[in-house]
Every structure is written in structure tokens, then in C-alpha cells.
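Accompanying notes for the structure given below.
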Amino acid sequence: MAVDRVDMAVEEGEFFAMLGPSGSGKTTCLRLIAGFEQPSEGAIEIFGEAVAGVPPYRRQVNTVFQDYALFPHLSVTDNVAYGLMIKGVAKSERVQAAEEALEMVRLPGYGSRKPSQLSGGQRQRVALARALVNKPKVLLLDEPLGALDLKLREDMQEELKALQRALGITFIFVTHDQGEALSMADRVAVFNEGRVMQVGTPREVYHKPNTEFVAGFVGSSNVLPETFVEKLTGTAALASLRPETIKVVKKGGHEAEVLGTSFTGAATKLVLRLGDVQLNALVDHEVGDLKAGDKIRVNWTPGSVHLMGGAGG
Amino acid sequence: MRSDGATGAPVALKVGAGAGLLFMHLPVLLIFVYAFTTEDRTYQWPPPGFTLKWLAVTWNRPDVWEALQLSVKVASISTVVALVLGTLCAAAVSRTAFFGREVISLLVILPIALPGIITGIALRSAFNLADIPFSFWTIVLGHATFCVVVVYNNAVARFRRTAGSLVEASMDLGANGFQTFRYVVLPNIATALLAGGMLAFALSFDEVIVTTFTAGQQATLPIWMLEELVRPRQRPVTNVVAMVVVLVTFVPILAAYYLTQGGGSLRPERQSDRV
């Protein structure tokens, strides 16, 4: 069973991310919404209409595929106009609509090319235009930026967000990249092993993870063991402590031993040992040259320790 | 080949290549030559004289036309049957995963690996058991068994290299199954089907062994030729027919070659999907 007990509601006009490692069931969920797979149990509703058993071509949902799935034998215009052609829209009308959609994704004048003559980023834009030209109620995006290089991906993130705001269509997108999910989505559903672990705004999911899995997967948080948390807060529970909330201090706080350091560009990553607990910390470069074996003192504000109510995960 | 800086292949290699080509094509040329000989009982070399009269004689022989018509009909219908069945089978095998898929794939290809004589005997006994009289249709059935294989092989190779998400994308954009086949699947496999279909037609057109076992009184062109060689009567007529067949089949083969090579191609990397 690929997904089980997945229960969530996406709001109209929302940018919703399904985040999880590969094999966590996020893509299966997307395919269930698109209609490529049918649920063995349970219900799916799109705008209040039950769609279990409804084939993909009768759903007001369009998909941007991970491999873009552009039709290789058709020109860019014919690709974009495909949905309109199927609906029986007159040729001149659909060519014009396709050209407008191409303008929207900033590819005007590319209509006569074949998909094989486009770069990866351009294909992605064509795939987007091909879906949006049908004015779907919901746009599904399956790892839409996965095949693009870093710079292009960051540009596309901004563009997708702007597009979604301008059109007001519900976007549901699948990603395994937590940074992407946090920066783009209004709300995030974190998937693991076919279950939804947590649904919330990026801030909620990041600062208040409800399970060890969410804490670790979203922003690779430190998960503090119950005994340690009991000493800190008086409550025996797992807690998450974000690496960037740990500060190096002159006095007070906790004594820690540096196990290792690495330079990550924007910050320095420290691996610390506090008694028998190992922590990752992201600190600014002002801490100077630390090396393994150094003894330092670290602290954090009490609010940084987020209790996660039991084991979970 | 050129690492030694020499400007061409060694003489021995050139001679070898030339000899190989002669070995393959000289007999075909001989057939052409004998189509114009003035002598009609034995194949005498050198021909005592040349004439064009056999062209006219052949044109006026009704049995030639009957055999040709039968062969074209059998090959056309076998090819159509093979195109439908082979494509469906290829689509099933490459699009879905099911129990026994590999076995089915092997069973489809097997008829072309089996000696024709086995296929022939098997079909003949099967038709006898089922009390099916030998007719035009039993020939078609026999030919379809191996024609399906070449279409299947071509189609399956193309399906494997056509992303499955194309079908899903088409459905997603509102096309039902039929529309998806018409606008997405067919254009993408068309050249593979054309190549497979031409090969199937050619295989059926010159098939002798299976035909011998599955035909009733009918004689397809190859069978008719065999019979002509046994009964020496206006022998050059056979050569004229052979020559025309060579010239006529050359055109579609060239066409298939160019169609699957470059012009009108859908994808740059799709040259290698022949059997």
C-alpha cells in the first residue's frame, strides 16, 4: 500500500506543498488527485465533487509532469494548444491562447519550435503553459524543479509563486526539497512512509515539528533525548532544537566539546557534544577558528526548545 | 582503421569486399540476364541472343497475374493482421507490468525463431484437427504468425523509448483513450509501424515453406515460380517475374530506409529500432 490514512484538505487558491523523502507516498497522492491512480478505499473530493472513479480526462485538474512529458512530434504551440484542441476550440482561437500562455511563462515566439530544440528550463515553462492554458481549478506539479540547475531553480521558484498569486489557482506541488517547500508554499504536508506526519504553515512545520521525523527532515533539527529535555525543562519528552538557535557564549549556558567543524558558506557548522548528547549548530563566522577537541560554552533561549509530545515518528 | 596513417584499406581487404559483394549480387544479375535470353529450355551460358519478347509473353500469361494477385492479397492482409495484433501486444507488454509478461514476450517472438517447417507442419495438423479447409485464409493465418513478430519487435522498441508519461499527459489534458491513441500514440509509433509493416509484407511476399503446408490449390508467386522451374515451359518468364519483383520491392525498401533514417523524423535518436 503506497499511502494510508492520508487526510488533508487543501484550501482554494492555496500554494500547497507535499514534502517527503522518495517513497513516502507524496507522488502517489498527486496521482490520486490527477486520477492516474484510483484509491482502494477512502474518498477524494475536488471542489466538493467526489472524483473517485472519475478518469483523468474528466477532472478539472492539470499536471506538470516531472519529465515534462511534452509531445515530441508536436510544435510548442501545438503542445500548449493540445488541451484546447481536444475540447474542440477553433484553430485560430487556440493558437492565440497558446501564444498568450507562452507569453505568460516568458517564452513568446517559441511556438514553432519542437520540444527537442528547447533547454530544460524552457521545456518546463512549456509544460507549465500547456497545463495553465486549460484554466484548471487545481494545478498539480510533480517535482517541477527537480531537473533544473540551482540558479534556474531559484528563479523558477520565484516565478511559480508570482504566477500562482497572479492566477489565484490552487497549486499542489510535490517535492523532496524542504527548502523549496518552505520558501514557496503557504502550507506544507510532510509525508513519511505513506502517512502524513504534519500539515501546517512552513513556520509551524519548521519551528514546531510534531514528530522526530519532521524535526529531522525539515531543516535537519537536533532531536533532544527525553532525559536531557527533562533536565532542561522539567518535562520528559522529545524536543527539537534548531541548529541556528544555538549560540556560542563567553560564560553561562552549557559546556560543550567541539567534535568537528565545517564551513558551509553562509555559516559555520559545528558538531558539538554536551555530556552524552550530540548537537549540530550553525554559527556565524565570528566564533573564529575552532577545531576538534576545543571546549566552548553554548546557550540558547528557552523558547528554542520545542517539545514534541512523546516519541512519534 | 587509419591509425597507421595509410590513405585507404589494404588491397587484400578491397578485393575481399569486392568478392563478397559479387558473391551476393552476381546471381541476382544472372536472373536479369536470363530474362532477355532467346533460349527457353535450359539456362545456357552465354545466352545465344537477347530479346524483349518474354516481357510481352509474361504480360499475357494469366497464371502470372493470378499468382501475383494472390501474393499481394495474402501479404497485405497478413500485414494488416500483424499490425493490429503486434501493436496491441507490444503496447500491453511495454505499458503494463503483469504476471508472466516476459513469458508472453518470448512466446510472441518464438515463431520467427522456429524453423518454418515446424510452423508449417504444426499449422497443417491444427487445421486438419479443427476441420478447417485449406484456403486463402489458412495461408494468411500462417503468414500472420511470423509477420506479427516483426511488427511487435519494431513497436515494442519504439514504445520502450517513448515516455509513458506522454499518455498520461494527454489524458490529463482532457483526451480520452481513443483521442490519446489518435493524437499522441500513433504519431509517435507511426514510423516504427511503417518499417515493421514493410518488413512483414516482404516476409510474407516471398514465403515458401509455411505456404506449402497451409495452401490448398492456391499458388502464391514464390510457389508458382518453384512450379515453373520444375515444368520447363517458357523458362525466361520466371526470370522476368523475378526481375519485376526485385525492382518493385526495391522502391518500398528504399522508402522505408529513408523514412526511418532522417526526413520527417520525430526524434533524433531513433535510428536503431529495426529487428
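The values are calculated or read from the model by the stated rules, or taken from the named source; none is laboratory data. Being a predicted model, the structure only gives us computed values, none of them experimental. Neighbour counts run over all protein chains shown; Cβ positions are idealised from the backbone, glycine included. With ligands, DNA and RNA removed, areas are computed over all heavy atoms of the protein, side chains included. Shrake-Rupley method; radii C 1.70, N 1.55, O 1.52, S 1.80 Å.
Do we have residue A:105 as in contact with a Leu (Cβ under 7 Å, 6 or more places away or on another chain) and modelled with pLDDT under 95 here?
yes
Looking at residue A:88 and the list (1) in contact (Cβ under 8 Å) with a residue 12 or more places away in the chain; (2) within 13 Å of another protein chain (Cβ to nearest Cβ), which single condition is not satisfied?
(1)
Taking the condition of being without any contact (Cβ under 8 Å) to a residue 12 or more places away in the chain, surrounded by fewer than 20 Cβ atoms within 10 Å (Cβ to Cβ) and facing another protein chain (nearest Cβ under 9 Å), how many residues in the range B:169-189 meet it?
Number of matching residues: 3.
One line per residue, one yes/no per condition, for (1) among the basic types (Lys, Arg); (2) under 30 Å from residue B:172 (Cβ atoms):
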position	(1), (2)
A:147	no, yes
A:155	no, yes
A:167	no, yes
A:176	no, yes
A:180	no, yes
A:208	yes, no
A:215	no, no
A:239	no, no
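Tell me the residue from A:293, A:265, A:260, A:252 that is in a strand (DSSP E or B) and surrounded by fewer than 19 Cβ atoms within 10 Å (Cβ to Cβ), please.
A:260
Examine the range A:156-164 for a residue that is basic (Lys, Arg), touching a residue at least 40 places away in the same chain (Cβ under 8 Å) and either in contact with a helix residue (DSSP H, G or I) (Cβ under 7 Å, 6 or more places away or on another chain) or under 24 Å from residue A:283 (Cα atoms) (or both), and state whether such a residue exists.
Looking through the range A:156-164, at least one residue is basic (Lys, Arg), touching a residue at least 40 places away in the same chain (Cβ under 8 Å) and either in contact with a helix residue (DSSP H, G or I) (Cβ under 7 Å, 6 or more places away or on another chain) or under 24 Å from residue A:283 (Cα atoms) (or both).
Would you be able to tell me the number of residues in the range B:14-44 that are open to solvent by 90 Å² or more (accessible area, probe 1.4 Å) and at pLDDT 75 or above?
Adding up the residues that qualify gives 8.
Does the range B:213-227 include one or more residues that are more than 14 Å from chain A (Cβ to nearest Cβ), in a loop (DSSP other than H, G, I, E, B) and crowded, with 23+ Cβ neighbours inside 10 Å?
Looking for residues that are more than 14 Å from chain A (Cβ to nearest Cβ), in a loop (DSSP other than H, G, I, E, B) and crowded, with 23+ Cβ neighbours inside 10 Å, one finds at least one in the range B:213-227, hence yes.
Would you call residue B:196 away from every other protein chain (no Cβ under 14 Å), open to solvent by less than 60 Å² (accessible area, probe 1.4 Å) and modelled with pLDDT of 85 or more?
Judged against the criteria, residue B:196 is a match.
Could you tell me whether the range B:135-157 includes any residue that is open to solvent by less than 20 Å² (accessible area, probe 1.4 Å) and closer than 28 Å to residue A:34 by Cα?
Within the range B:135-157 (the criterion being open to solvent by less than 20 Å² (accessible area, probe 1.4 Å) and closer than 28 Å to residue A:34 by Cα), the answer is yes, since at least one residue qualifies.
Tell me, which residue of the range A:48-65 that is of a type outside the set (A, V, I, L, M), touching a strand residue (DSSP E or B) at 6+ places or on another chain (Cβ under 8 Å) and more than 8 Å from chain B (Cβ to nearest Cβ) is surrounded by the most Cβ atoms within 10 Å (Cβ to Cβ)?
A:59
Scan (1) over 27 Å from the mean Cα position of the chain (by Cα); (2) open to solvent by 30 Å² or more (accessible area, probe 1.4 Å) for the single condition residue A:37 breaks and write down its number.
Unmet for residue A:37, out of (1) over 27 Å from the mean Cα position of the chain (by Cα); (2) open to solvent by 30 Å² or more (accessible area, probe 1.4 Å): (1).
Consider the range B:238-271. How many of its residues are at pLDDT below 85, in contact with a helix residue (DSSP H, G or I) (Cβ under 6 Å, 6 or more places away or on another chain) and of a type in the set (Val, Ile, Thr)?
1
Within the range B:1-12, track down each residue that is at pLDDT 85 or above and open to solvent by 90 Å² or more (accessible area, probe 1.4 Å).
Hit for the range B:1-12 is B:11, nothing else.
With (1) open to solvent by 50 Å² or more (accessible area, probe 1.4 Å); (2) small (Gly, Ala, Ser); (3) more than 30 Å from residue A:11 (Cα to Cα) as the list, and residue A:237 as the residue in question, which single condition is left unmet?
Exception for residue A:237: condition (1).
So, of the residues in the range B:89-109 that are within 20 Å of the chain's Cα centre (by Cα) and open to solvent by 30 Å² or more (accessible area, probe 1.4 Å), which turns out to be nearest to residue B:184 (Cα to Cα)?
In this case the residue turns out to be B:89.
Listed residues A:68, A:57, A:82; which is farther than 30 Å from residue A:9 by Cα and either of a type outside the set (Val, Ile, Thr) or touching a residue at least 12 places away in the same chain (Cβ under 8 Å) (or both)?
The unique qualifying residue is A:82.
Looking only at the range A:127-142, decide whether some residue is of a type outside the set (Lys, Arg), without any contact (Cβ under 8 Å) to a residue 12 or more places away in the chain and away from chain B (no Cβ under 12 Å).
No, the range A:127-142 has no match at all.
Could you check residue A:83 against (1) small (Gly, Ala, Ser); (2) touching a Phe, Trp or Tyr at 6+ places or on another chain (Cβ under 8 Å); (3) closer than 18 Å to residue A:139 by Cα and say which number it fails?
With (1) small (Gly, Ala, Ser); (2) touching a Phe, Trp or Tyr at 6+ places or on another chain (Cβ under 8 Å); (3) closer than 18 Å to residue A:139 by Cα applied to residue A:83, the lone miss is (2).
Just for strands (runs of 3 or more DSSP E) wholly inside the range A:113-232: which have at least 3 residues that are within 20 Å of residue A:3 (Cβ to Cβ) and open to solvent by 10 Å² or more (accessible area, probe 1.4 Å)?
Strands (runs of 3 or more DSSP E) meeting the threshold: A:195-200.
Give me the pairs: first residue in the range A:21-48 and over 18 Å from residue A:192 (Cα atoms), second residue of a type in the set (S, T, N, Q) and surrounded by 13 or more Cβ atoms within 10 Å (Cβ to Cβ), beta-carbon distance under 8 Å, and six or more apart or on different chains, which are they?
Listed pairs, sorted by first residue: A:34/A:63; A:37/A:28; A:46/A:60; A:47/A:60.
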